[in-house]
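Worksheet for the structure shown next.
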Amino acid sequence: MDKILLLHPDSAIREKLTFVMQHSGFQVVSVSGARQAFLEICKSSPDLILMAEGSRKLNGDELCIRIREVSDALLIILGEDKNEAAGVNFLEMGADVYLTTPLNTRDLLAYARSRLRRYKESLKEYERR
């Protein structure tokens, strides 16, 4: 079962996404703060990290950079800004996908599954070499 770390400051959104992801076969750890997320990343090595762009204490871009220092987990940013530059900035800092709100959970699940599938396939290919 794939492990997902969900970082979102809004408890209602966190609960909804946790419910959807768990009922879609993922193991989910849900946190509200960036520092808590970083500790969880180091402790449990999630396969996928879903992170709200506006995570506070550490701002989203700073956390994105720190995550890449310790993890190669897939990183999906749940963005608030439909401005193309915001998404590009996160992608350049190490994010794999930038999705804007309002969030379509079917799109999110499709992105998560396809990225995890490709990631696992590339790992298998690497191990065969």
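The values are calculated or read from the model by the stated rules, or taken from the named source; none is laboratory data. All figures in this text were calculated on a predicted structure; none of them were measured in a lab. Using ideal geometry, Cβ is built from the backbone for each residue, glycine included, and neighbour counts are taken over all protein chains shown.
Please indicate, with yes or no, whether at least one residue in the range 51-58 is over 22 Å from D2 (Cα atoms), at pLDDT below 90 and in contact with a Leu (Cβ under 6 Å, 6 or more places away or on another chain). Walk me through it before giving the result.
Initially, the range 51-58 is screened for residues over 22 Å from D2 (Cα atoms), giving 53-58.
So of that shortlist, the ones also at pLDDT below 90 come out as 53-58.
Still in the list and also in contact with a Leu (Cβ under 6 Å, 6 or more places away or on another chain): 55.
Taking every residue of the range 51-58 in turn, at least one turns out to be over 22 Å from D2 (Cα atoms), at pLDDT below 90 and in contact with a Leu (Cβ under 6 Å, 6 or more places away or on another chain).
Considering only residues that are among the basic types (K, R) and within 16 Å of T101 (Cα to Cα), which ones fall in the range 1-32? Talk me through it step by step, then tell me what you get.
Taking the range 1-32 as the starting set, the residues that turn out to be among the basic types (K, R) are 3, 14, 16.
Of everything in the range 1-32, those that are among the basic types (K, R) and within 16 Å of T101 (Cα to Cα) turn out to be R14, K16.
Select from the range 40-56 the residues that are in a helix (DSSP H, G or I) and of a type in the set (G, A, S) and list them in ascending order.
Applying the first criterion (in a helix (DSSP H, G or I)) to the range 40-56 yields 40-44.
Answer for the range 40-56, where residues must be in a helix (DSSP H, G or I) and of a type in the set (G, A, S): just S44.
State which residue is farthest from L63 (Cα to Cα) when the search covers only the range 74-98 and only residues that are of a type in the set (A, V, I, L, M, F, W, C) and surrounded by fewer than 17 Cβ atoms within 10 Å (Cβ to Cβ).
Taking the range 74-98 as the starting set, the residues that turn out to be of a type in the set (A, V, I, L, M, F, W, C) are 74-78, 85-86, 88, 90-91, 93, 95, 97.
Going one step further and asking which of them are surrounded by fewer than 17 Cβ atoms within 10 Å (Cβ to Cβ), we end up with 85, 88, 91.
Numbers: A85: 18, V88: 16, L91: 13 Å.
Result: A85.
Does the range 101-125 hold any residues that are in contact with an Asp or Glu (Cβ under 7 Å, 6 or more places away or on another chain) and surrounded by fewer than 17 Cβ atoms within 10 Å (Cβ to Cβ), and which are they?
Just the residues of the range 101-125 that are in contact with an Asp or Glu (Cβ under 7 Å, 6 or more places away or on another chain), to begin with: 101, 115-116.
If the condition is that a residue be in contact with an Asp or Glu (Cβ under 7 Å, 6 or more places away or on another chain) and surrounded by fewer than 17 Cβ atoms within 10 Å (Cβ to Cβ), then T101 is the only one that fits.
Can you confirm whether L74 is at pLDDT 80 or above and in contact with a Leu (Cβ under 7 Å, 6 or more places away or on another chain)? Steps first, please.
On the way: at pLDDT 80 or above: yes; in contact with a Leu (Cβ under 7 Å, 6 or more places away or on another chain): yes.
In short, yes.
How about the range 1-39: which of its residues are in a loop (DSSP other than H, G, I, E, B) and not aliphatic (A, V, I, L, M)? Please lay out each step first, then the result.
Of the range 1-39, the ones in a loop (DSSP other than H, G, I, E, B) are 1-2, 8-10, 23-26, 32-33.
Of everything in the range 1-39, those that are in a loop (DSSP other than H, G, I, E, B) and not aliphatic (A, V, I, L, M) turn out to be D2, H8, P9, D10, H23, S24, G25, F26, S32, G33.
Regarding I4, is this residue of a type outside the set (D, E, K, R), under 12 Å from the mean Cα position of the chain (by Cα) and under 20 Å from N104 (Cα atoms)?
Details: of a type outside the set (D, E, K, R): yes; under 12 Å from the mean Cα position of the chain (by Cα): yes; under 20 Å from N104 (Cα atoms): yes.
The answer is yes for I4.
I'm trying to understand the selection: among the residues of the range 91-114, which are in contact with a strand residue (DSSP E or B) (Cβ under 8 Å, 6 or more places away or on another chain) and of a type outside the set (G, A, S)?
Kept after step one, since they are in contact with a strand residue (DSSP E or B) (Cβ under 8 Å, 6 or more places away or on another chain), are these residues of the range 91-114: 91, 94-101, 103, 107-108, 111-112.
If the condition is that a residue be in contact with a strand residue (DSSP E or B) (Cβ under 8 Å, 6 or more places away or on another chain) and of a type outside the set (G, A, S), then L91, D96, V97, Y98, L99, T100, T101, L103, D107, L108, Y111 are the ones that fit.
Please tell me if L50 is more than 20 Å from T100 (Cβ to Cβ), of a type in the set (A, V, I, L, M) and surrounded by 21 or more Cβ atoms within 10 Å (Cβ to Cβ). Walk me through it before giving the result.
Details: more than 20 Å from T100 (Cβ to Cβ): no; of a type in the set (A, V, I, L, M): yes; surrounded by 21 or more Cβ atoms within 10 Å (Cβ to Cβ): yes.
The answer is no for L50.
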